[in-house]
Structures are given as structure tokens and as C-alpha cells.
1. What is the gain in length, in nm to one decimal, between residue 88 and residue 14 on full extension, counting 0.36 nm per residue of separation less the C-alpha to C-alpha distance?
2. What list of ³J(HN,Hα) values in whole Hz, one per residue of the range 105-115 in order, does the Karplus curve 6.51 cos²θ - 1.76 cosθ + 1.60 (θ = phi - 60°) give from phi, with Gly and Pro shown as x?
3. Give me a comma-separated list of calculated 3J(HN,Hα) values for the range 33-45, in order, Karplus coefficients 6.51, -1.76, 1.60 applied at θ = phi - 60°, integers in Hz, x for any Gly or Pro.
4. Å³ per residue of the Cα convex hull, for the chain?
5. Can you order the peptides 72-81, 5-14 by their average number of other Cβ atoms within 10 Å per residue, highest first?
6. Please list the non-local residues whose amide H lies under 5 Å from the amide H of residue 48, H modeled 1.01 Å from N, same-chain partners needing a gap of 5 or more.
7. Which length gain, in nm to one decimal place, applies between residue 39 and residue 74 when the Cα-Cα distance is subtracted from 0.36 nm times their residue separation?
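Here, each number is a calculation from the coordinates, and none is a lab measurement. Only a predicted model underlies this, so the values are computations on that prediction, with no experimental measurement involved. Cβ sites come from the backbone with ideal geometry, for glycine too, and all protein chains shown count toward neighbours.
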Amino acid sequence: QVQLVESGGGLVQAGGSLRLSCAASRSTISIDYMRWYRQAPGKQREFVAQITRGGTTNYADSLKGRFTASRDNAKNTLYLQMDSLKPEDTAIYYCAAGSFGSVYWGQGTQVTVSS
């Protein structure tokens, strides 16, 4: 099992930046992949970014260039650096981890971007 705790959300003006963190309860080296998703009000949850155990990153096409996922294995923590934020980035951001065929979710952190 993996417990995930997100943090770093908040209120930011358009054009600003935020960095989200996702702390895992066990070594991120042992986790197959870690992902960020987001869910805006009234919309389905959507994929944001992924980083694999080997360090390969993938992003939603619409977010490339503004969002950057990274991982600190020493701290068992996944990060999401979000730059040039837009009001449409307002959502709850969730961290997910895939390991041995199971997927684990964090509780989410709210990001609100004001215009």
C-alpha cells in the first residue's frame, strides 16, 4: 500500500506559480509510476502529468511548457511546478501512485487561480 498526502495548493493570481507536493509513505523508487490529475468543478478528472520509476515524464498536451513534474527519491516526494497559471487551471489536484497493479490516491489539494 501507499499513502499519499498532497500539499501546496492555494489561491494565486493569473500568471503566477505554485508548486504542489505529494509525499508518499514508502520509497518512490519502488513505485511504478506517479501521476498528477486534476478535477475542475463540474468536469471529469483529467490527467496532468506522470513520472515513471525510471524518471520519464509525460504531460497532457495542453499543459506542456507550463507544468513540470519532478521527484525527490530521498524525500519520497513528487512535485508539480505550475507556471503561468490561468483561471482555467482552477481545480482540485490529486496525486496517484501505481504499484503492483493497484492505484492509490491522495486526498487532493485545491488550486484556485483568480483573474
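1. That works out to 25.7 nm of additional length.
2. 10, x, 8, x, 9, 7, 10, 10, 10, 8, 8
3. Here the 3J(HN,Hα) series is 8, 10, 10, 10, 10, 9, 9, 8, x, x, 10, 6, 5 Hz.
4. Hull volume over Cα atoms, normalised by residue count, gives 93 Å³.
5. Sorting 72-81, 5-14 by mean packing, highest first, produces 72-81, 5-14.
6. Here 36, 37, 38 satisfy the definition.
7. Value of the extension gain: 9.7 nm.
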